[in-house]
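The values are calculated or read from the model by the stated rules, or taken from the named source; none is laboratory data. In this text, all values refer to a predicted model and were calculated from it rather than measured experimentally. Here the Cβ positions follow ideal geometry from the backbone for every residue, glycine too, while neighbour counts run over all protein chains shown. These area figures cover heavy atoms from the full protein model, side chains too; ligands, DNA and RNA do not enter into them. Shrake-Rupley method; radii C 1.70, N 1.55, O 1.52, S 1.80 Å.
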Amino acid sequence: MIVACSIDRRFAELAGVMLYSLEENGGIPDAQLVILTDGLLASDKDMLQACAKRKLHFIDIEGDLLSKISKLRTTSYWSRATYARLYLPELIADRHCRMLYLDADTLIRKSLAPLFDLALDGKAVAAVPYDDPARFNPPLARAASTPYFNAGVLLVDIDAWNAQDYTARINKLLQSRSFDFLDQDVLNLATEGNFFHLAGCWNAQKGWEDYSEASIVHFTHAKPNTKECEHPEKATYLEYRKQTPWRSARLITKRDRRIRTLLRSIRRKWQWFAAFAR
């Protein structure tokens, strides 16, 4: 079994705390942990490794994979790593297993072992559906009631994924247009609503009634390493963070994010100018 995550440097802290929570509560000591990385320094990888009790397997976004995603639209919140994770099933060497993909902004509260024994009825993907799919489907030209899932926690049967040629579907969709919810829209279109529905405890998002009953908590809005986050599980996150190399990191402010957005804009304009000047 494989647990995978995809990040750039901005999400290294979140991923580190997620890894620590997985080691503490995940109950899957034999799982291989794979981190798909964009722009991480050697020191970043060392810090992530310090959060885990087993060896992490890093895959850098480069070469053929980078060429597939380098021209796709990104934002201050969605990076190239967001797209790169769509190719994880073909990047992983062991194709005859299950992969659990986890966003970096998740916390593991209970054992993940049941997911790897779950009968998926031949489906390639299992995820938690939204209660209100009509909020997402109209821009995708789909019936409002078509099931639509959050892609932050995704269980993938790699054999079924390959048999149903999902990677080719995804490639075609990525080249066809841009999407409001980027990789999540693409995954939902690729599955055509035909996915295994997981119980909400496997992806407990904002508004979940009792987080003590959640197996995986997902911080889908303000992140727990920010000042404005008021999520009930922020305290848990900060307690876990004390056991990681980010124990002394300050909380990120809105001003920090505005500066980051400005620098990103300046960098993109400079790249455009440099390319035009050649």
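Overview of values
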item: Pair list, Cβ under 8 Å, 6 or more apart: the range 155-166 residue over 11 Å from Phe195 (Cα atoms), other residue modelled with pLDDT under 90 and among the charged types (D, E, K, R); result: Ile158/Asp94; Ile158/Arg95; Asp159/Arg95; Asn162/Glu90; Asn162/Arg95
item: Tally, over the range 83-125, of residues that are hydroxyl-bearing (Ser, Thr, Tyr) and either at pLDDT below 90 or in contact with a His (Cβ under 8 Å, 6 or more places away or on another chain) (or both); result: 1
item: Which numbered condition His197 fails, given (1) more than 29 Å from Asp64 (Cβ to Cβ); (2) in contact with a Lys or Arg (Cβ under 9 Å, 6 or more places away or on another chain); (3) open to solvent by 10 Å² or more (accessible area, probe 1.4 Å); result: (2)
item: From Ala222, Ala249, residue being open to solvent by less than 60 Å² (accessible area, probe 1.4 Å) and within 17 Å of the chain's Cα centre (by Cα); result: Ala222
item: Extreme residue, nearest to Ser215 (Cα to Cα), among residues of the range 167-183 that are in contact (Cβ under 8 Å) with a residue 40 or more places away in the chain and part of a helix (DSSP H, G or I); result: Asp183
item: Asp165, sole failed condition from (1) open to solvent by 30 Å² or more (accessible area, probe 1.4 Å); (2) closer than 18 Å to Tyr130 by Cα; result: (2)
item: Every pair of residues 6+ apart whose Cβ atoms lie under 6 Å, when the first sits in the range 116-132 and is in contact (Cβ under 8 Å) with a residue 24 or more places away in the chain and farther than 17 Å from Asp103 by Cβ while the second is in a helix (DSSP H, G or I) and aliphatic (A, V, I, L, M); result: Ala124/Ala160
item: Number of the condition not met by Asp180 [criteria: (1) open to solvent by 50 Å² or more (accessible area, probe 1.4 Å); (2) in contact with a strand residue (DSSP E or B) (Cβ under 9 Å, 6 or more places away or on another chain); (3) within 30 Å of Lys254 (Cα to Cα); (4) not polar (S, T, N, Q)]; result: (2)
item: Filtered residue count, the range 219-241, keeping only those that are in a loop (DSSP other than H, G, I, E, B) and of a type outside the set (A, V, I, L, M, F, W, C); result: 11
item: The range 1-46, residues that are in contact with a Gly (Cβ under 6 Å, 6 or more places away or on another chain) and either in contact (Cβ under 8 Å) with a residue 40 or more places away in the chain or under 21 Å from Ile92 (Cα atoms) (or both); result: Asp8
item: Among the candidates Leu189, Leu262, residue that is assigned to a helix (DSSP H, G or I), at pLDDT below 95 and aliphatic (A, V, I, L, M); result: Leu262
